[in-house]
Amino acid sequence: MLIVMRHGAPQQDIDRVVSTIEDMGYHARPMPGKQRTTVGLVGNDGRVDSSRLEALPGVQEIIHVTKPYKQVSREWKPESTVVRLPGGLTIGADDVIVMAGPCSVESERQILDAARAVRDAGATVLRAGAFKPRSSPYSFQGMGRAGLKLLARAREETGLLIVTEAMDAEGLDQVLEVADIVQIGARNMQNYSLLKHAGRARKPVLLKRGLSATISELLLSAEYILAEGNPDVVLCERGVRGFDTTTRNLFDLSAIPVVHGLSHLPIIADPSHGTGHRDMVIPMARAAVAAGADGLLVEVHPTPDRALSDGAQSLYPEQFERLMRETRIIVEVIGRRLAEPAGARA
Ligand code: PEP
Ligand code: MN
């Protein structure tokens, strides 16, 4: 529920609303706005009797949030969230951000080659997992802490920001030492204790849609992170399990405008996991940006044929250059621009 205060309502009226909400056994979240202050009521599971609040001085209107998720909904916050990254990069404003790199960190040479290639083509964030959630316990599980160290080296060397996955609370603390953005992968989208931990972190979280998750479930998972106090969540459409094995997943492009309608959070697209085949990545990247995605997450490997994970969907560096060229054209046609590396900005 949202309690909208009158324009210019004095602080004592706002304080009174906050103390009444707490008296009723809920939590209050005052949100000062340009025109007026809104006080959010959280902690309820179902409709709240608002009669006590309606009668308070300074209260203009009460809005009942109709969705099961609250703080992530556009009803709660009509203006789009802009997630701010180090170096002045943003996600969710006009800029379209490209995060690219291999599926996994495999060696110093591999990650540095990948980082240079994606930076030279215009990416601003390096992606690569040090902790890998693999379907088989016998597949490469990632380099762990050593991989994180290599990611820190790659950032030092290239100036790229780092997005990398945390699979559990313990790994999250390690990832937080290095990452600029913490990735929570599809398989962990409903790992509620991990979501709560990420909600207490002070870094942006990239939350990927689960393999069989509805959009509503994705938004409820994001709600866990916001409810713990972290407002910086970026959603990611990466395809859901379909019935047709021609592609690895069913890349749900329509999720992009749907999420933009339901939520103020930014959403990026991952056409690599979405399709599973490198030849389909460029067309779907173009389509995702045209559909309004706030960014792309793309797998690129210096030698995809030798990749330890997801080689078939990893682009060769020259394919990634093409993706960037073609994406830039589409981004400009829809009145946006590609995010520039920190040094390139005026
Ligand atoms: C990844 O980004 O490499 C990954 C494991 O993705 P997902 O969680 O979407 O499968
Ligand atoms: Mn992968």
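The values are calculated or read from the model by the stated rules, or taken from the named source; none is laboratory data. Values in this document were obtained by computation on a predicted structure and should not be read as measured data. Counting neighbours? That spans all protein chains shown, and the Cβs are built from the backbone with ideal geometry, glycine included. The accessibility values were calculated without ligands, DNA or RNA, using every heavy atom of the protein model including side chains. Shrake-Rupley method; radii C 1.70, N 1.55, O 1.52, S 1.80 Å.
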Is it the case that Ile215 is within 16 Å of ligand 1 (Cβ to nearest atom), under 23 Å from Leu126 (Cβ atoms) and either open to solvent by 40 Å² or more (accessible area, probe 1.4 Å) or touching a helix residue (DSSP H, G or I) at 6+ places or on another chain (Cβ under 7 Å) (or both)? no
Out of the residues in segment 286-304 that are of a type in the set (A, V, I, L, M, F, W, C) and assigned to a loop (DSSP other than H, G, I, E, B), which is farthest from ligand 2 (Cβ to nearest atom)? Ala291
How many residues, within segment 85-101, are within 16 Å of ligand 1 (Cβ to nearest atom) and closer than 15 Å to Arg155 by Cβ? 3
Counting residues that are under 16 Å from the mean Cα position of the chain (by Cα) and under 24 Å from Lys196 (Cα atoms), which strands (runs of 3 or more DSSP E) fully inside segment 84-171 reach at least 2? 161-165
For segment 285-309, which residues satisfy the criterion of being within 16 Å of ligand 1 (Cβ to nearest atom), touching a residue at least 60 places away in the same chain (Cβ under 8 Å) and either open to solvent by less than 10 Å² (accessible area, probe 1.4 Å) or over 24 Å from Gly142 (Cα atoms) (or both)? Ala293, Gly295, Leu296, Leu297, Val298, Glu299, Val300, His301, Ser309
When every residue in segment 305-329 that is of a type outside the set (A, V, I, L, M), outside any helix (DSSP H, G or I) and under 24 Å from the mean Cα position of the chain (by Cα) is compared, the one farthest from Pro283 (Cα to Cα) is Ser309
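Being assigned to a loop (DSSP other than H, G, I, E, B) and open to solvent by less than 10 Å² (accessible area, probe 1.4 Å) is the filter; apply it to segment 223-239 and report the residue that is farthest from Val259 (Cα to Cα). Show your work before the answer.
Taking segment 223-239 as the starting set, the residues that turn out to be assigned to a loop (DSSP other than H, G, I, E, B) are 228-232, 238-239.
If we keep only those that are open to solvent by less than 10 Å² (accessible area, probe 1.4 Å) too, we end up with 230, 238-239.
Values: Asn230: 19, Arg238: 13, Gly239: 14 Å.
Among residues in segment 223-239 that are assigned to a loop (DSSP other than H, G, I, E, B) and open to solvent by less than 10 Å² (accessible area, probe 1.4 Å), the one farthest from Val259 (Cα to Cα) is Asn230.
Please indicate, with yes or no, whether at least one residue in segment 198-213 is over 30 Å from Glu321 (Cβ atoms) and part of a helix (DSSP H, G or I).
Let us first name the residues in segment 198-213 that are over 30 Å from Glu321 (Cβ atoms), namely 198-202, 210-213.
Now drop any that are not part of a helix (DSSP H, G or I), which leaves 198-199.
Yes.
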Consider only pairs whose beta carbons are under 7 Å apart and that are at least six residues apart or on different chains; among these, list those whose first residue lies in segment 170-197 and is more than 15 Å from Arg127 (Cα to Cα) and charged (D, E, K, R) and whose second residue is away from ligand 2 (no atom under 16 Å from the Cβ) and outside any helix (DSSP H, G or I). Lys196/Glu228
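Condition check ((1) open to solvent by less than 40 Å² (accessible area, probe 1.4 Å); (2) on the phi < 0 side of the Ramachandran plot; (3) away from ligand 2 (no atom under 16 Å from the Cβ)) across all residues:
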| site | (1), (2), (3) |
| --- | --- |
| Arg200 | no, yes, yes |
| Leu220 | no, yes, yes |
| Arg241 | no, yes, no |
| Leu265 | yes, yes, yes |
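Among the residues that make up segment 143-163, is at least one of them among the β-branched types (Val, Ile, Thr) and either within 14 Å of ligand 1 (Cβ to nearest atom) or under 30 Å from Phe243 (Cα atoms) (or both)?
The first filter runs over segment 143-163 and keeps only residues among the β-branched types (Val, Ile, Thr), leaving 158, 162-163.
Narrowing the set further to residues that are either within 14 Å of ligand 1 (Cβ to nearest atom) or under 30 Å from Phe243 (Cα atoms) (or both) leaves 162-163.
Yes - at least one qualifying residue is present in segment 143-163.
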Given the structure, is Arg248 within 16 Å of ligand 2 (Cβ to nearest atom), surrounded by fewer than 23 Cβ atoms within 10 Å (Cβ to Cβ), more than 14 Å from the chain's Cα centre (by Cα) and part of a helix (DSSP H, G or I)? no
Please indicate, with yes or no, whether at least one residue in segment 272-284 is buried (at least 20 other Cβ atoms within 10 Å of the Cβ), within 16 Å of ligand 1 (Cβ to nearest atom) and part of a strand (DSSP E or B). no
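Whether any residue in segment 103-115 is within 16 Å of ligand 2 (Cβ to nearest atom) and open to solvent by 30 Å² or more (accessible area, probe 1.4 Å) is what I want to check.
Within segment 103-115, the subset within 16 Å of ligand 2 (Cβ to nearest atom) is 103-106, 110-111, 114.
Subset that is open to solvent by 30 Å² or more (accessible area, probe 1.4 Å): 106.
Yes: segment 103-115 contains one or more residues that are within 16 Å of ligand 2 (Cβ to nearest atom) and open to solvent by 30 Å² or more (accessible area, probe 1.4 Å).
So which residues in segment 319-346 are at pLDDT below 95, over 11 Å from Val98 (Cβ atoms) and open to solvent by 70 Å² or more (accessible area, probe 1.4 Å)?
Applying the first criterion (at pLDDT below 95) to segment 319-346 yields 340-346.
Cutting the leftovers down to over 11 Å from Val98 (Cβ atoms) gives us 342-346.
Those that are at pLDDT below 95, over 11 Å from Val98 (Cβ atoms) and open to solvent by 70 Å² or more (accessible area, probe 1.4 Å): Gly343, Arg345, Ala346.
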For Ser193, work out the one condition from (1) more than 16 Å from ligand 2 (Cβ to nearest atom); (2) open to solvent by less than 70 Å² (accessible area, probe 1.4 Å) it doesn't fulfil. (2)
Look at Leu253 and say whether it is in a loop (DSSP other than H, G, I, E, B) and more than 14 Å from the chain's Cα centre (by Cα). yes
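So which residues in segment 42-83 are part of a strand (DSSP E or B), open to solvent by less than 60 Å² (accessible area, probe 1.4 Å) and farther than 28 Å from Val234 by Cα?
Residues of segment 42-83 that are part of a strand (DSSP E or B), as a first pass: 42, 59-63, 73, 83.
So of that shortlist, the ones also open to solvent by less than 60 Å² (accessible area, probe 1.4 Å) come out as 42, 59, 62-63, 73, 83.
Of everything in segment 42-83, those that are part of a strand (DSSP E or B), open to solvent by less than 60 Å² (accessible area, probe 1.4 Å) and farther than 28 Å from Val234 by Cα turn out to be Val59, Ile62.
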